[in-house]
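One structure below.
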Amino acid sequence: MTSARIHEGLEGVLVAKTTLSSVEGDVGRLTIRGHLIESLASEAPYEAMVGLLLDGALPPPERLRELQAQLGAARVRAYARLAPLGRAVRSTDPMRSLATALSLLPSDATPADAIGMAGVATAAWLSKARGITSLAPEPELPHAQDLLRLARGVAPTPAATRLLDTYLVTVAEHGFNASTFAARVTASTGADLASAVVSGVVTLSGPLHGGAPGPVLDMLDAVATPEHAREYVRAELALGRRIMGMGHRVYRARDPRAFVLERALAAYQRSDVANARLELARAVEQAAEAELARLHPERPLRANVEFYTALLLEALEVPRAAFTAIFACARVAGYAAHYAEQRREGRLIRPSALYVGP
Ligand code: COA
């Protein structure tokens, strides 16, 4: 056994077939069931992405209305399920309260139940962070619009709703990333959907996966002005620290989702302060890309989705502690679609390790 090759981090190892999404790292292309992420993100509401993932095709208008109603009803059920627990679920870290809320779902929960619960639990945490009374969901509203309303206590503008829809669509699904893989491992044991979604969510929480965007803003705060970007990045790298929002396991080009989110944000920006923030981010990205290329000429390390996620969620007035929870709200649709695929076609996932102990 000592000659066996170990695939550390499973990099490049194929473990299943999937029809859900294709991540082409060399050219920086992401397609979801054959649709480029750029076209989906600029047009589709989140419900359309949910339909695409669960049904296999973009939903026609009637199915879209049905999905909207199903998510609305699921938000109402989630609100009723969380109500008796009140502050208990909302008082911890948002990712912990999200995982706790999802684990309250019944064993026969549907994908809509999981999406509804994720949205309502996260919005409840956000409303508490704002110090406002938690509102009841309005089931007839589109999902993104209701989430913003629940989180802020007031009706959002159409532009803010569009921006959140773009974000939710952009990050709903992304191949065999670590948290999706975790959800599939759980699904492969025959566990129920809610358990698989909880596995995904807790795995997403780490800073090397979904936990990077908060630290991206901390970095922008520390850099403060574009002129300091180079100096800051150099000092961080000299200390052996990672630049958050840069690099990716699969992409060797700039993450296509970074383009989508940067463009959506530029279209949304209005105030001079917000525009200056975007310029600062672009300067930090350029400096980081140049310095990382110098240090790792063999491995392109460019901006990933988290870099502009940070700015986009900041523009939507989401506190940085809850960035990963909003990411999770979107990704639950991907976990649910992978759950179905794994249960339909997959085997128990059970790799081996090389024993090197005494
Ligand atoms: N800043 C500084 N160095 C980085 C880096 C970053 N953001 N990303 C990778 N590197 C370096 C590593 O230190 C490593 O150097 P070494 O070979 O001298 O040890 C080399 O590049 C390869 O990195 P590795 O960790 O093996 O790549 P990976 O595929 O395991 O990592 C990430 C991918 C995403 C975990 C990694 O790029 C990272 O930590 N990025 C920052 C966190 C982040 O933005 N996460 C969100 C991902 S969507």
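The values are calculated or read from the model by the stated rules, or taken from the named source; none is laboratory data. Please read these numbers as outputs of a predicted model, since none were measured by experiment. Cβ coordinates were reconstructed from backbone atoms using ideal geometry, including for glycine residues, and neighbour counts include every protein chain displayed. Heavy atoms of the whole protein, side chains included, go into the accessibility calculation; ligands, DNA and RNA do not. Shrake-Rupley method; radii C 1.70, N 1.55, O 1.52, S 1.80 Å.
Some observations on this one:
- Using θ = phi - 60° and Karplus 6.51 cos²θ - 1.76 cosθ + 1.60, couplings along segment 46-55 (whole Hz; Gly, Pro as x): 4, 4, 5, 5, 4, x, 4, 5, 7, 9
- Using C-alpha pairs under 8 Å with a sequence gap of at least 6, the mean separation divided by the residue count of the chain gives a relative contact order of 24 percent.
- For peptides 225-238, 323-336, sequence by mean Cβ density within 10 Å, most packed first: 323-336, 225-238
- Radius 13 Å from Cβ of E236, net charge of other residues (Lys, Arg +1; Asp, Glu -1): +1
- Cβ-placed point charges (K, R +1; D, E -1), dipole of the chain about Cα centre in debye, nearest 20: 620 debye
- Cα-Cα pairs of segment 277-358 separated by more than 23 Å (percent): 55 percent
- For the chain: accessible area per residue (Å², 1.4 Å): 46 Å²
- Amide H contacts of R29 (H built 1.01 Å from N, in plane; Pro and chain starts excluded): E24 sit under 5 Å, all sequence-distant by 5 or more or on other chains.
- Here the simple spin-label model places points 7 Å from the Cα toward Cβ, and for E317 and D55 these points are separated by 3.4 nm.
- Dipole of segment 44-179 [Lys/Arg +1, Asp/Glu -1 at C-beta], most positive-end residue of L126, V169, P137: L126
- Protein accessible area in the chain, 1.4 Å probe - carbon and sulfur %: 56 percent
- Helical contribution to [θ] at 222 nm, DSSP H n ≥ 4, -39,500 (n - 2.57), averaged over the chain, rounded to 500: -18500 deg cm²/dmol
- Relative to the Cα centre, the charge distribution of segment 207-344, modelled as +1 at Lys and Arg Cβ and -1 at Asp and Glu Cβ, gives a dipole magnitude of about 640 debye.
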